[in-house]
1. Please work out whether the chain counts as rounded, prolate or oblate from its C-alpha gyration tensor, where a ≥ b ≥ c are the square roots of the eigenvalues and a/c under 1.5 means rounded, while otherwise a/b larger than b/c means prolate and anything else oblate?
2. Going by a ≥ b ≥ c, the root eigenvalues of the Cα gyration tensor, does region 1213-1304 fall in the rounded group (a/c under 1.5), the prolate group (a/b larger than b/c) or the oblate group?
3. Using only Cα atoms and rounding to the nearest 10 degrees, what angle (0 to 90) does helix 584-599 make with the longest principal axis of the chain?
4. Could you compute how much accessible surface Arg436 exposes when probed at 1.4 Å, giving the result in Å² to the nearest 10?
5. Counting only other residues whose beta carbon sits under 13 Å from that of Gln493, what net charge do I get with K and R as +1, D and E as -1?
6. For Ser195, which sequence-distant residues (separation of 5 or more, or a different chain) have an amide H within less than 5 Å of its own amide H, given hydrogens modelled in the peptide plane?
7. What is the diffusion coefficient of region 633-787 in µm²/s, taking the Kirkwood radius over Cα pairs and the Stokes-Einstein relation at 4 °C with a viscosity of 1.567 mPa s?
8. Considering only protein heavy atoms, what per residue accessible area in square angstrom results for region 1111-1163 with a 1.4 angstrom probe?
Amino acid sequence: MTYRVVRAQMDIDRSLTELAIQLCNMLAFAKECAELKKIEGKNDVIREVGQLVVQGAVLIDECMEHGLLGRTVYTSFLDVKTRMQECQTKLANLRGDLSLTLQIRTYQKVENMETSRNFEILKELPRVEAGYDRAYRCLSGTRQEVIDNVLRWATDLTPGQPRIFWLYGLGGEGKTAIAHSVASALDDNGILGGSFFFSRDIAERRRSDWVFSTLAFQLSNRHPMLAQAVSEEFGRNREVFHSAANQFHILFRKPLASVQQQLDPNSPLVFVLDGLDECTTDEGQRDRLLALISQIGDLPSMCRFILTCRPEPDIKGSLTTLSLVHAFPLGQHSTLTIDKDITNFFTRSFNKLVTRYPASCTMGWPGLEKLLALVKRAAGLFIWAVTAVRFIEDPVADDPVEQLNLLLHDMPPPSIPGSSPSPSILLDGLYLQVLRQAYPAYIPMKRLAVIGAIVTSRSPLPPAVLGALLGMGSLDKPKRLHDMVYEAIAKLQSVIYIPEWEKGPLQPLRIIHPSFVDFIVNPDRCVDRQFVIHEPTYHLMLAKQCLQHMHETLRTNVCRLEDSYRLNTEVPDLADRLDKYLPRHVRYACQFWAEHVFRAAEDESDVLFAPVRAFISENLLNWVEALSLLGRLESSRSSLLLIEQWLQKPGRSPKHESLVQIVQDAQRFVQEFRSPIRQSALHVHISAMAFTPFEAPLREMFKTRYPQTVDILTGNTHYWTACCAVYEGHKNNVRAVAYHPDGTQIATASWDRTVIIWDTRTGATVGQPLTGHTSNVNAVLYSPDGSKIATCSPDKTIRIWNSKTGAQIGEPMTGHTHWIQEIAYSPTGTFIASGSADNSVRMWSPFTGTAIGKPMLGHTDMVTTVSVSPDGLFIVSGSEDHSVRIWNSNTNEQVGDPMIGHSLRVVTVAWSPRGSQILSGGVDSVICLWNPATRTQIREPLVGHDDRVITAAYSTDGSRIVSGSYDRTVRLWDALTGAALTPSLTGHLAWVGGVAFSPDGRQFASASSDKTLRIWDTAAAISVGDQKSAHSKWVTAVAISPDGSHIVSASEDNTIMLWDMSKAHSTEASDGTPLIGHTERVTSLAFSPDGTQIVSGSADKTLRIWSTKTASSVSEPLEGHTAWVELVVWSPDGQTIVSGSWDCTLRRWDAKTGASKGEPLTGHKDWIISAAISPNSAQLATGSGDKSIILWDLHTGAAVGEPILGHTDWVTAVAYTPDGSRVVSGSKDKSVRVWSAATGEAVGQPMNGHKDTVTSVEFSSDGLYITSASRDMIVKVWDTRVADVLSRESHVALCEKWLASEKSTDTPFPWFMGNNEGWIMGPGQRRLWYMPAANRGDKFAIHGTRLVIGGGSGVVTILDALPILQSIYLPPLPLYKA
């Protein structure tokens, strides 16, 4: 015994030496951090470092002043070991807190300040507190053999060494403690890259969403060169955190690769992932993590990963197939070694008790017999040993001898005579003894409620927060709440970690091991039924509490933000506001209320209906706002889906139906407006509600609550459109689309030579684009089991990819001698069919990459499309030769004669899921349906598209057909009758190249050459159709009458739309009045000075004049131009109309009679793009594609002086000052210039700043400022006195002055500053509101606070911004009605 005591003291001495070294290092580190005092919030940390160093030094000095035997007595009585561990843990935490900030301060000293600014981005990197903790390491001297084994592997960089060490075993064997110990040792040796400890009790730590962003942050914390690389990647890819795969590739693999040459190849970089089995399988979380783990071999060679988990089947199946994995089964480790470690653990624990209780625990207690009995009962489970020790040393019982006797007395009998009980039975017996000792007579319901809440809560909570959640009191008195919860469960400290108040009020309660939860919720294991936690009952309890707390706390603008134009990330004190206005128990309620409702007891769930209904009708939008502020918006859709499913459970009352509609509407609302809401919480009320359809249930419920937002007068819809999402990411035409068989992902193929995979739940990209093809990617499809993706290209290859990892499988399949147009998988996945421009159809093995059989020859021109029959026996192909042919996949021979029905090229074919139909679509704009048995048409072709049918597909049940066309539209058809189910579905800005139904048929997707993918709701498309836009094609021009009473728009659809603004209201959509007459696209518009007439120019070479009163033409078309009329201008005196044309001439027309005035004006050498007439109607300025400006005498038609030269590209815009003395011009060369109207000489220097063509220019009413708009979607205001952009401060001051003057009909300067990623910007670059994609455009006009925007979708949006402008620029107007 003396030897063991001395040996233990020697271990403590070594630990004291380690602590001394750590303190010295920390002191040096703190000196490096001296400049941190300049950084707000770090002074307290520096002081704490100093205090900790002093405390540690005193501890060491007190111990070392004694001899060995004296230290043995001293350290025993003062529990020196515990004090050392606490000191080491604090040191690690403080160092972590200072490290990143120190790096930032260091980088701020370097010459490159841009690098420093990029580095600050790291602080915004989403991450989870999931790293290792020294407090949870193995007891010193235990598990050392296993730990040494892992560390030896980690430091062995021998070529060919496995890159992953997989430590697995049953629950309770000590895997997590080993992982903490290993991570700690690696960190001490400077080779830990990062660590992540999964936990099923903590929401953020049971998902794979944040693993690699957390590791990237930790890695940056340790390696400054990597910190720079990570921050730069994150700065360029702010959306990266929506996908674990993106994090892995962008924040992890790319930065490591970029600095690989600077890393020491002889120094390992080791990462620890513990508890993979605790990563949830929901939503494919664990599958995606395992897929990424399989790519670890792509990281630099010094990178190593240590994984620990239970051997769950999916994990085992994935890891055992990887050659880069070294498996280490912990349970098969020597039983003698495990028992020795457990004996060591018991011995050390009892030695501490002997010191603490010398009266009852004498030297040598408890004796060898009892010690061995405990080891035997542990049966190799460290969790049994840990729980037993915590039970014995229970501070509430305060009698270890009696506790040990109780424990041994209640050992369960062997399950079979002569054998030992199974480990699970022994563990259950121990847990039951703990409960009975804590509550010997019975357990009060209030105390059981606390236990039930701890077990069923979705994330661990601090005692005070749990108490507040349970309604035990207010968080205004947290210490009282903490004590109440402590009192309820004080005797359960052997199974529940209960933090002491003094050690931190925010430390959460934790179940020490998941096996206790498994035990207490299972009545077959917890045989004393009074202790059983019936989970649905406690979910019901927590659901009620969550709903109550949200009802009491949530409100509009819950954090009392002073303005709505900042993004959440730009609110400097957001964390403080959240602490003040969204207490932690309310945050928990916001995140998890729906889970508790869904899991609540069925027989009592109806009691939740009233509070759920009240919550939805009163606080639904406020809840979405709160989630945005908390950075948890993505959880809103899953929560709403749970509530929808809960409301639709069998046996529900019909009264639930109306609520179901609201919940479904809310899901669409969040999906539609996810981007603005996620970025800025208040825009759930401002932007999202403003653009919610007029008759959407959600709008009806909340429309009267937000008066201070933008008023949408036209451009909104009555109902949700069929298009429910738009995905943007490709850089060229999107040619094809395919759904994963389980519907969770969509793959798109593009002419940018990539394939992108999208998460259908979030809309985020999954991983990096698939690259490898050397030309356009023409087709993409998933294998029937979803494990692979196949693509083809004009590069004459077919490639196969792993759908989880994105890695290419094998070599490309080659054999075709020309472009490969399309491919199709067989239903069993055994072969791929391909069609090529070499006129052949071929089959390939996706397993070997080789051709199957001979090429199928018969087409006389390129094969454009192929499809395989549902039984895999036949292949159908379409061709440039106008024919459709069927081939036998066994013989590679043609079956029967070609099917002839198209008059032009066949572009698409598809076989119906039941095999009874084949469809074909072609350049002749029709879809033919064929009987494959007779090879004859079933009925007349389906007619409806206005141009070639490029793509078509069947729904999975074969009942519907979706088609896409060169006419930019998508259509749905009844496959049985051939009837059109919808009108043309518009939205795409260019031809539609690919379509596909989701597996459940509820949605379909369309890919377009406008570089986007659109997702459509099938039911909405059929029931609502495509709600009418102002135009069916691109809007080419918009204008507002001088008095603002009328608005007009023109389009490529040959029409003009006129709105009488006296009849437009924000509560109903206004369709406007069409002006029909032009036979080709209308290119330009202008109002007469009195606003009673409109002139339009068209590609049909004519002008027309229209009456705004009668909405009809007032004369015959004005003819004379020999090419497109590009522009029209009305003179200020109302007498003359000027038109410019692609025929390079200008014409003057009498505005009253329509007669031509004089000869055409010639002088420009290219088409005329822009024109303006001076305020006195005496002079005309024109700009041309010949890069010149010409000034003309409007009356005589003579040129005034020589052409004005200076621009280096087309002159796209011109305008006069109010006094007519100067002309301003804008150009495709991105510059703005000013010229003398008298001499044509340049005035001042060119004004540069736009990033694209300048599309319009205008002087302010005082001539001091110039407004310019550009295709870069930005409006700039220039101060002519300094030839530079007006400062933000000056612009904001002008805006405030103008709004205060109430001259809403006069706009002396622009308040509309352009479109920044969907945000409409105001002066000072303040975000006014967010425009949905359908409402955006590059054509706009302003009158007072009214704005008109027209774009490629054909939608014309007219809105009044006065309420939002006043709320932003004239504080302190309230943001919202109280």
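1. Working: a/c = 2.15, a/b = 1.67, b/c = 1.28.
Taking the square roots of the gyration eigenvalues as a ≥ b ≥ c, the chain is prolate.
2. oblate
3. 90 degrees
4. Only protein atoms counted, so the area is about 100 Å².
5. Numbers: positive: Arg390, Lys491, Arg510; negative: Glu393, Asp394, Asp398, Glu487, Glu500.
Taking every Cβ under 13 Å from that of Gln493, the sum is -2.
6. Tyr132, Val272
7. Numbers: Rh = 18.1 Å.
Diffusion coefficient, whole number: 72 µm²/s.
8. Numbers: 2310 Å² over 53 residues.
Per residue, region 1111-1163 has an accessible area of 44 Å².
The values are calculated or read from the model by the stated rules, or taken from the named source; none is laboratory data. Not measured: the values here are computed from a predicted model. As a convention, Cβ positions derive from the backbone with ideal geometry for all residues, glycine included, and neighbour counts pool all protein chains shown. Heavy atoms of the whole protein, side chains included, go into the accessibility calculation; ligands, DNA and RNA do not. Shrake-Rupley method; radii C 1.70, N 1.55, O 1.52, S 1.80 Å.
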